[in-house]
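Down below is the structure, laid out as structure tokens.
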Amino acid sequence: MAYKSNRKKPMEWASKISHTYVIKDDDVQSYLDKCNLPKDNNNIELDKAFVHQKGISESPIKYIITIDGGYSEVNVKKNFPSAKLAFFQFGVLLFNVEDLNNISQQPFISPEDMSKFKKIERIKFTMPVQNITYENNSSLTNSIRKTIYDFFMQNRENTSYMETLYWLAFSKYDKNQNISTYKLSSHPNSEEKNIILDTTKMTKDYKFNHIDGDLYLTDIFRLHEAVDDELGAGGVLGYLTTLFEQIILAHQIKTILERQPSYLNEILFIKDGPLAFFGQTANIHKLFRNMTNYLFKKHNLFLAGLEKSGSFTEHANEIIKNENLLPKNYYILLSNKHIYTHILPGNPDEPKPYARTSYYGAKIIFHSNNGYVYVITLPVANENVVLNPEKKDFKNIDIILSNLESLKCDMYDNSLVPIALVNQLVSLSNHPSSILLEKFSKKSLFS
């Protein structure tokens, strides 16, 4: 790595000819000869047992709730010691399907019509990322823990996200279960492992007394394991975004279930991104699998996660180039064999299901009648379903696909109206959002 400039002397520039030694190296060339590239559409074969035509069924969906979020990381102090903050914004967008159907038939869309699709709830969150402490905490790790705890404890119409987390962690939606403990893998401030969090010993503010320092219920996210007090918390920002989006989703479901559970038969929930948790937060997928299983048994649930980029979307765009592989109005359930043969490196005969430790759903690729292609995660009851998925494993699949098809948006490739709208309304751009947030932060911290 080159020397950086301290403004007294110039920065060390990389050599302009060193690449020739790499190119001429026999070991490098030998390695490249053994590498395999992903298959294009001419070399892809689909197992017809997993390909299905979308069925026709009357849709009960009257409302769409879409959830998306993003963050912007800003430097509030560039000189040594540098300091960073992260600003998050999440959106919950609700609109009426009937309004969308009516507006699609109009020759001109007025601003008044568009306002019907902007009934959005914006949720903001700010977190230290490097060399910033919060309240009386002496470390970055504990500052982040307390920041997340305070966010979850905020009052939201006489409830909180903390109540939702408690509801999830101990399956309080199911009156027939009596779960009172949760095993926390590690203590943030000691070497102790596998700590039992017992609700009978939990305080009213969702804390657990411990000799090495109080634990928060939010510590079950295990983000403290990925924060480095010296290098910062930049590595957890993506995990945190996905986590918060789905906690907000669970909060919406909990509210409906408590106030008017019959509405679950009329609402389609759409999340931007797969139904999964990653990194240190991966274990939370078990809580969501338990919740979705309960809803399917006792109530109903229409939920889909839509992917806009990545290996699966690239593969989907490749297979629709050949109309004979996946015709319009057909979808393929992605099995382990297909995933590890055509999309990701791996053993096609791998007995362990793809993403079994992070997903509470399974992926499908849908080629709609309008020519759009979608990579969709739908919740499934059994984590082993991805080995040899069957249509019956995906409840409400035809209704969900029909609704997604009707939500097509011509603004971007394979886009949906609600996701495009919520992204526009909550996303934080590099310019000018990051610049303005940086100025705002500096003014607030240094004034």
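Taking the numbered list (1) aliphatic (A, V, I, L, M); (2) open to solvent by less than 10 Å² (accessible area, probe 1.4 Å); (3) farther than 29 Å from Phe296 by Cβ in turn, Leu401 passes all entries but (3).
Okay, residues lined up against (1) basic (Lys, Arg); (2) closer than 30 Å to Ser262 by Cα; (3) modelled with pLDDT under 90:
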{"position": "Ser30", "(1), (2), (3)": "no, no, no"}
{"position": "Asn42", "(1), (2), (3)": "no, no, yes"}
{"position": "Ala83", "(1), (2), (3)": "no, no, yes"}
{"position": "Leu94", "(1), (2), (3)": "no, yes, yes"}
{"position": "Asp99", "(1), (2), (3)": "no, yes, yes"}
{"position": "Lys119", "(1), (2), (3)": "yes, yes, yes"}
{"position": "Thr126", "(1), (2), (3)": "no, no, no"}
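Only a single item in (1) surrounded by 10 or more Cβ atoms within 10 Å (Cβ to Cβ); (2) at pLDDT below 90; (3) over 26 Å from the mean Cα position of the chain (by Cα); (4) outside any strand (DSSP E or B) is not met by Ser59, and it is number (2).
Within region 210-240, the residues that satisfy the criterion of being open to solvent by 40 Å² or more (accessible area, probe 1.4 Å) and either touching a helix residue (DSSP H, G or I) at 6+ places or on another chain (Cβ under 7 Å) or closer than 17 Å to Leu287 by Cβ (or both) are Arg222, Glu225, Asp229, Tyr239.
Residues of region 230-249 that are in a helix (DSSP H, G or I) and among the aliphatic types (A, V, I, L, M): Val236, Leu237, Leu240, Leu243, Ile247, Ile248, Leu249. Look at region 270-281: where a residue is more than 19 Å from Lys408 (Cβ to Cβ) and a partner is surrounded by fewer than 21 Cβ atoms within 10 Å (Cβ to Cβ) and of a type in the set (D, E, K, R), sitting 6+ places away or on another chain with Cβ atoms under 6 Å, you get Pro274/Glu307; Gln280/Arg222; Gln280/Glu225. When each of Glu157, Glu192 is tested for being touching a residue at least 12 places away in the same chain (Cβ under 8 Å), out of contact with any helix residue (DSSP H, G or I) (no Cβ under 7 Å at 6 or more places or on another chain) and open to solvent by 40 Å² or more (accessible area, probe 1.4 Å), the lone residue that passes is Glu192.
Lys254 meets the conditions (1) among the charged types (D, E, K, R); (2) under 18 Å from the mean Cα position of the chain (by Cα); (3) within 26 Å of Leu404 (Cα to Cα) in every case but one. The failed one is (2).
Considered as a group, the residues in region 160-189 that are touching a Leu at 6+ places or on another chain (Cβ under 9 Å) and part of a strand (DSSP E or B) include one that is least open to solvent (accessible area, probe 1.4 Å), and that residue is Leu184.
Can you find even one residue in region 351-365 that is more than 21 Å from the chain's Cα centre (by Cα), open to solvent by 40 Å² or more (accessible area, probe 1.4 Å), more than 17 Å from Ile400 (Cβ to Cβ) and at pLDDT below 95? Within region 351-365 (the criterion being more than 21 Å from the chain's Cα centre (by Cα), open to solvent by 40 Å² or more (accessible area, probe 1.4 Å), more than 17 Å from Ile400 (Cβ to Cβ) and at pLDDT below 95), the answer is yes, since at least one residue qualifies. Counting the residues of region 361-392 that are without any contact (Cβ under 8 Å) to a residue 60 or more places away in the chain and of a type in the set (D, E, K, R) gives 2.
Using the structure shown, decide if Lys175 is of a type in the set (D, E, K, R) and either in contact (Cβ under 8 Å) with a residue 12 or more places away in the chain or under 21 Å from Arg289 (Cβ atoms) (or both). Answer is yes for this residue.
Of all residues in region 137-154, those satisfying the criterion of being open to solvent by less than 40 Å² (accessible area, probe 1.4 Å), among the aliphatic types (A, V, I, L, M) and under 21 Å from Glu245 (Cβ atoms) are Ile144, Ile148.
The values are calculated or read from the model by the stated rules, or taken from the named source; none is laboratory data. None of the values given here were measured: they were computed from a predicted structure. Reconstructed Cβ throughout: ideal geometry from the backbone, glycine too, with neighbour counts over all protein chains shown. What goes into the accessible areas is simple: the full protein's heavy atoms, side chains included, and nothing from ligands, DNA or RNA. Shrake-Rupley method; radii C 1.70, N 1.55, O 1.52, S 1.80 Å.
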